[in-house]
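The values are calculated or read from the model by the stated rules, or taken from the named source; none is laboratory data. Since the model is a prediction, treat every value here as computed from it, not as a measurement. A quick note on method: Cβ atoms are made from the backbone with ideal geometry, for glycine too, and the neighbour counts reach across all protein chains shown.
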Amino acid sequence: MTKLTDTQAIILSAASQRDGHIALPLPDSLRGGAAAKVVGAMLAKGFLEEAEADIRNGEPVWRETGDGHGVTLIATDTGLAAIGIETDSTEVKPTEDAAPKARAPRVGTKQATLIAMLRAPDGATIAEIMAATGWQSHTVRGAMSGALKKKLGLNITSEKIEGRGRVYRNCKE
C-alpha cells in the first residue's frame, strides 16, 4: 500500500464519500500555501486530478480559470486505491487498450467547442479554434496535447492543406 500523510488520507477518505469523488472542500486546517503544497504533491502522485467546474452552478472550485469556470479536484482510482478502496474501473473498460481514462466534457464549454471543431469533417486550424474559443495559440495547442490527448485519450492528427494551412482533426479509432 502507498505511504500517505495523515492529511492526504483525510482528503482522499472524504472524497471517497462524496458524489463524483470530489476532493473539495479541503480540511479547515489546510489553507494557503500548505493547501497548495499538499494538493500539488497529490496531483503529481496521481492521487488527485483536476477537472472543469462551473462556478455559476455552485460546483466546488480549487482555482478559477475565468468566464465563470474553474477547476475542481477529483480523487482518482489510484488515490482511492491508496486508501484501500477498490473501484469498478475494470467493469467500465472491459477489453479496451491502455488508453487514458475517458471523461466526457460538459456541453457548452470551450473544450466541448474545441472537440466539436476537431470532429467536423474539415477539421479546424489553430486560427479557427482561437476565433471560436477566444484562446491564444499556445492555449489551443496545450489543450489539444494535454486535455484532449492525454486526459481524454483522443487521437488528434494534423496535416498541411494548401491554401488553408495546418488542419487538426480528431481521428476516431
Single residue of GLY33, GLY46, GLY84, GLY58 found to be small (Gly, Ala, Ser) and within 16 Å of the chain's Cα centre (by Cα): GLY46
Qualifying positions in the range 145-169 - closer than 25 Å to ASP77 by Cβ and either touching a residue at least 24 places away in the same chain (Cβ under 8 Å) or assigned by TED's automatic domain parsing to the domain that holds ASP77 (or both): ALA147, LEU148, LYS150, LYS151, LEU152, GLY153, LEU154, ILE156
Qualifying residue in the range 133-149 (condition: over 19 Å from the mean Cα position of the chain (by Cα), closer than 28 Å to CYS171 by Cα and modelled with pLDDT under 80): no
Test: residue in the range 44-51 that is of a type in the set (A, V, I, L, M), outside any helix (DSSP H, G or I) and assigned by TED's automatic domain parsing to the domain that holds ILE74: yes
Answer from GLY33, GLY79, GLY84, GLY70 - the residue that is of a type outside the set (S, T, N, Q) and in a loop (DSSP other than H, G, I, E, B): GLY84
Neighbours by Cβ (under 6 Å, 6+ apart or cross-chain): first from the range 29-49, under 19 Å from GLY79 (Cα atoms) and loosely packed, with under 15 Cβ neighbours inside 10 Å; second at pLDDT 85 or above and hydroxyl-bearing (Ser, Thr, Tyr): GLY46/THR76; GLY46/THR78
Residues of the range 52-74 classified as in contact (Cβ under 8 Å) with a residue 40 or more places away in the chain and either touching a Phe, Trp or Tyr at 6+ places or on another chain (Cβ under 7 Å) or assigned by TED's automatic domain parsing to the domain that holds THR133 (or both), total: 2
